[in-house]
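Novice: Let me begin by handing over the structure; questions about it come next.
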Amino acid sequence: MPDTADLLRRVAEQSISYLDGVADRPVGRPVAAEALRSALGAGPLPDRGDDPAAVVDGLVAGAEQGLVASAGPRYFGFVVGGSLPAALAADWLTSAWDQNAFSYVSSPASSVIEEIAGRWVLEVLGLPPEASCGFTTGATTSNMVGLAAARHAVLARVGWDVEARGLIGAPTIRILAGDEVHASALQALRFAGLGSDTIERIPVDGQGAIRADAAESMLAGTAGPAIVLAQAGNVNTGAVDPLGPIIDAAHGVGAWVHVDGAFGLWAAASPAYRHLLDGLVRADSWAMDCHKWLNVPYDCGFVAVADRAAHYAATRMTGAYLVPAADRDLDPFDWVPEASRRGRATTVYAALRSLGKDGVAELVDRCCALARRMADRLATEPGIAILNDVMLNQALVRFGDDDDRTRAVIAAVQEDGTCWAGGTTWHGMAAMRLSVSSWATTEADIDRSAEAIVRCFRNAG
Ligand SMILES: Cc1ncc(COP(=O)(O)O)c(C=O)c1O
């Protein structure tokens, strides 16, 4: 058997050297899957195993050309944060400890770390301190949990036990969501058995936020079970739905409000931005990610529910051998869809403890200011237009007011490798999406990236 200590030291050195160089490597040039398959030894699994050190060295060499420098400072694709040093180190510990963090009895330390981290997240975001929480694999699963709790509550009110009886023959649930609802919430609706085509779409404004007047008039007169899916942080524009008016209108007719705030919920941590989420605390459930704007390694999402009983009813698990902890909060498996699971909250504990409340606010403010700086830099170039109000950390850019040119610039930027940005369609127009979500990004990174984007635009002319 190999010496585990030697192997871990070797991996630590390899990881450190990767991170030392991550800011200087091309961020994410296109690579053919066939090249990666060959570099990583695709084909039948050999009968005899390799030496562990050789396995690790092979991974390092084989993955090299297919690694995307999203841990670096100039990755602006999707909504991707890096890893704060304390969070990354805590992630290594999590693997070394190898705790089954599903229950108190299987890992008392993981349970208590998770409990503390969950309370801190509620505190930082100004959510109700008594809400129940769960750490999930991401916002999609968090949306699913929030919707499962919602489904339980609105059907229980009309005497239907959905966990026992399922949805066949159940009273109809009205589901309303903004026209710009995220694909993940639709997927969560499908998982929850509610269907994604059943939603009634509420008209949105030019930034993609629900129009409060439209929500109010569509909700008026609702009599039976109803769920409203609101969003904090449109994935293209960053727009936040007007939560206060939506919640007032929904609660007025007994509807449940779930907020999908995968990244945007973190804006509530900043005194400068929290006004955008006015009313947030009065929602019924909240879904978001820690692996996005909090900058912990993948994967880590978070869900909170104001009605603890509804949450518990939707996700609890019982079994003769599952001895419950004295305090239910200490058994994570009661609050998420998984049983056996990684102690993923350890990274959140470390991130929050290393940042403190001020540090989280500063991270949010900095990313928003950098997104604004990027938009301002790009807008000075004739022919480049910013399509959104850059209210958070997202910017939408169009080149030459032309779809083909915009797509050509996106491809050229990805090939150039200085930074990475993806594409989208906004109001029928091709656009580049820029999301500034990493703790590591500096003003110099923004300026260097903006120069590269402008250069690609001029060359693609
Ligand atoms: C608003 C919103 N909801 C949900 C998601 C999905 O999050 P995850 O990929 O962590 O499941 C995203 C991802 O960007 C998002 O922006």
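The values are calculated or read from the model by the stated rules, or taken from the named source; none is laboratory data. A quick note: this is a predicted structure, and the numbers were derived from the prediction, not measured. As a convention, Cβ positions derive from the backbone with ideal geometry for all residues, glycine included, and neighbour counts pool all protein chains shown. These accessible areas exclude ligands, DNA and RNA; they are computed on the full protein's heavy atoms, side chains included. Shrake-Rupley method; radii C 1.70, N 1.55, O 1.52, S 1.80 Å.
Novice: With a/c under 1.5 counting as rounded, go ahead and sort segment 408-461 into rounded, prolate or oblate using the C-alpha gyration tensor (a ≥ b ≥ c being the square roots of the eigenvalues; past the cut-off, prolate if a/b is larger than b/c, else oblate).
Specialist: oblate
Novice: In whole Hz, with x marking every Gly and Pro, tabulate ³J(HN,Hα) for segment 240-246 from phi via Karplus 6.51 cos²θ - 1.76 cosθ + 1.60, θ = phi - 60°.
Specialist: Along segment 240-246, the couplings run 10, 4, x, 5, x, x, 5 Hz.
Novice: Here's a follow-up. How far apart, in nm, are the 7 Å Cα→Cβ label points at I16 and A444?
Specialist: 2.2
Novice: If you don't mind, another one. What is the magnitude of the charge dipole of the chain about its Cα centre, with +1 placed on the Cβ of each Lys and Arg, -1 on the Cβ of each Asp and Glu, and no other charges, expressed in debye to the nearest 20?
Specialist: 340
Novice: Continuing with this model, one more query. Taking every pair of alpha-carbon atoms in segment 102-147, give the share separated by more than 13 Å as a whole percent.
Specialist: More than 13 Å apart: 61 percent of the Cα pairs in segment 102-147.
Novice: List the pair-distance distribution P(r) of segment 259-357, using every Cα-Cα distance, as the percent of pairs falling in each 10 Å bin from 0 up to the bin containing the longest distance, rounded to whole percents.
Specialist: The percentages, shortest bin first, are 13, 39, 36, 11, 1, 0.
Novice: What does the charge count near A430 come to, summing +1 for each Lys or Arg and -1 for each Asp or Glu among other residues with Cβ under 14 Å from its Cβ?
Specialist: After counting each charged neighbour, the total is 0.
Novice: Here is a further query. Would you mind computing, in nm to one decimal, how far apart the modelled labels at V105 and Q65 are, each placed 7 Å from Cα along Cα→Cβ?
Specialist: Distance between the two pseudo-spin positions: 5.2 nm.
Novice: Could you work out Rg/(2.2 N^0.38 Å) for segment 322-392, with Rg from alpha carbons only?
Specialist: Working it through for segment 322-392, the quotient is 1.88.
Novice: Something else: Work out the charge dipole of the chain with +1 on the Cβ of Lys and Arg and -1 on the Cβ of Asp and Glu about the Cα centre, then indicate which of V79, L352, N100 is farthest towards its positive end.
Specialist: In the chain, that residue is V79.
Novice: Can I ask one more? Cα-based Rg (one decimal) and Dmax (whole number) for segment 106-176, in Å?
Specialist: In order Rg, Dmax, the Cα atoms of segment 106-176 give 15.6, 44 Å.
Novice: Just to confirm a number: summing +1 for Lys and Arg and -1 for Asp and Glu over residues other than T140 whose beta-carbon lies under 14 angstrom from that of T140, what do you get?
Specialist: Spelling it out: positives minus negatives among the neighbours equals -2.
Novice: Going by the alpha-carbon gyration tensor, a ≥ b ≥ c the square roots of its eigenvalues, is segment 242-297 rounded (a/c under 1.5) or, if a/c is not under 1.5, prolate (a/b greater than b/c) versus oblate?
Specialist: Since a/c reaches 1.5 but b/c is at least a/b, the shape of segment 242-297 is classed as oblate.
Novice: Next question. Which far-off residues, 5 or more places away or on another chain, put their amide H under 5 Å from the one on I175, with H placed in the peptide plane?
Specialist: Here E200, I227 satisfy the definition.
Novice: Let me ask you something else. Hey, can you find the accessible area per residue of the chain for me, probe 1.4 Å, expressed in square angstrom?
Specialist: On a per-residue basis, the chain sits at 42 Å².
Novice: Next up: Suppose every K and R has +1 on its Cβ and every D and E has -1 on its Cβ; what is the size of the dipole of segment 162-221 about the Cα centre, in Debye to the nearest 20?
Specialist: Here the size comes out at about 260 debye.
Novice: For segment 1-101, what does the equivalent ellipsoid look like in terms of its semi-axes, each the square root of 5 times an eigenvalue of the Cα gyration tensor, given largest first in whole Å?
Specialist: Over the Cα atoms of segment 1-101, the ellipsoid semi-axes are 24, 22, 13 Å.
Novice: Over the Cα atoms of the chain, Rg to Rh with Kirkwood Rh, two decimal places?
Specialist: 0.99
Novice: Right, another one. Can you work out ³J(HN,Hα) from phi for every residue in segment 35-45, in order, using Karplus 6.51 cos²θ - 1.76 cosθ + 1.60 and θ = phi - 60°, giving whole Hz and x for Gly and Pro?
Specialist: Listing the rounded values in order: 5, 5, 4, 5, 5, 9, x, 4, x, x, 6 Hz.
Novice: Is the shape of segment 117-254 rounded, prolate or oblate, going by the alpha carbon gyration tensor and its root eigenvalues a ≥ b ≥ c, with a/c under 1.5 for rounded and a/b larger than b/c for prolate?
Specialist: Rounded, because the longest to shortest axis ratio a/c is under 1.5.
Novice: Counting Lys +1, Arg +1, Asp -1, Glu -1, what net charge surrounds G208 among other residues with beta carbon under 14 Å of its beta carbon?
Specialist: -3
Novice: I've got another one for you. Each residue of segment 109-121 in order: what ³J(HN,Hα) in whole Hz does its phi give by Karplus 6.51 cos²θ - 1.76 cosθ + 1.60, θ = phi - 60°, with x for Gly and Pro?
Specialist: Taking θ as phi minus 60°, the curve returns 5, 4, 4, 6, 4, 5, 4, 5, 4, x, 5, 5, 4 Hz for segment 109-121.
Novice: Kindly state, to the nearest 0.05, the FRET efficiency for E381 paired with R37, given R0 = 30 Å and r defined as their beta-carbon distance.
Specialist: Calculated transfer efficiency: 0.15.
Novice: Helix-only estimate, please: 222 nm mean residue ellipticity of the chain, summing -39500 (n - 2.57) across DSSP H runs of length 4 or more and dividing by its residues, to the nearest 500.
Specialist: -13500 deg cm²/dmol, from helical runs alone.
Novice: Write out the cysteines belonging to the chain for which the nearest other cysteine Cβ is not under 4.7 Å, or none if no such cysteine exists.
Specialist: C133, C367, C368, C419, C456
Novice: Averaging sequence separations of C-alpha pairs under 8 Å and six or more residues apart, then dividing by the length of the chain, give the relative contact order as a whole percent.
Specialist: 22
Novice: Related question: Let me test this: with uniform point scatterers at the alpha carbons of segment 175-268, what is the Debye-based log₁₀ I(q)/I(0) at q = 0.11, 0.18 1/Å?
Specialist: Here the Debye-derived log intensity ratios amount to -0.27, -0.74.
Novice: Heavy atoms only, probe 1.4 Å: what % of the accessible area of the chain goes to carbon and sulfur, would you let me know?
Specialist: Of the solvent-accessible surface of the chain, carbon and sulfur hold 55 percent.
Novice: Moving to a separate point now. Let's see if you can work this out: charge +1 on each Lys and Arg Cβ, -1 on each Asp and Glu Cβ, no other charges. What is the dipole magnitude of segment 1-116 about its Cα centre, in debye to the nearest 20?
Specialist: So the dipole magnitude of segment 1-116 works out to roughly 420 debye.
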